[in-house]
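The values are calculated or read from the model by the stated rules, or taken from the named source; none is laboratory data. Source: prediction; values computed, not measured. As a convention, Cβ positions derive from the backbone with ideal geometry for all residues, glycine included, and neighbour counts pool all protein chains shown.
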Amino acid sequence: MIGAIGTNAVRVGGTAHRFTVPRNDIAPRLARGLLRDALAQWNLLDLYGDAAVMLSELTTNVHLHTNADVRSMDVIFLRLRFALYVAVVDGDERCPEIGELPFAADDAVCGRGWTIIRRTAVSCGFIRNKEKGGKTAWFKMRRP
């Protein structure tokens, strides 16, 4: 069943949420609030800390590194049987290959986002959206 749960939000069968948030400096905060609500609904709040940090990294990357034509992004949360899947979809086709991303030095001031995600998530990556354009940046966490 697909039902609206708020402006620009869709719930699919209780195990998936998709929200559209603006591409601006409050996007990470909005996305974290939506994540907290989804995890609370699924009784998975113990995943919030690490998931919120990684989601903040993904949404911040969209805000800082996509082209000016990108006005919004979609955040997706999926409760899978053994994992939590989180994705951020934007309209900019540019994306680095994960293998090309260096691990940031421990004392680096910036450029640590994907290092944090790669060290925390079970898996992560990018998917180019060839038909619609843009890309999806995602990570997966093991759930209890």
(message) Quick check on my filter: what residues within segment 33-47 are surrounded by fewer than 18 Cβ atoms within 10 Å (Cβ to Cβ), closer than 21 Å to H63 by Cα and touching a helix residue (DSSP H, G or I) at 6+ places or on another chain (Cβ under 9 Å)?
(response) R36
(request) Would you point out which residue out of G113, G134 is at pLDDT 90 or above, among the small types (G, A, S), surrounded by 12 or more Cβ atoms within 10 Å (Cβ to Cβ) and closer than 20 Å to A31 by Cβ? (result) G134
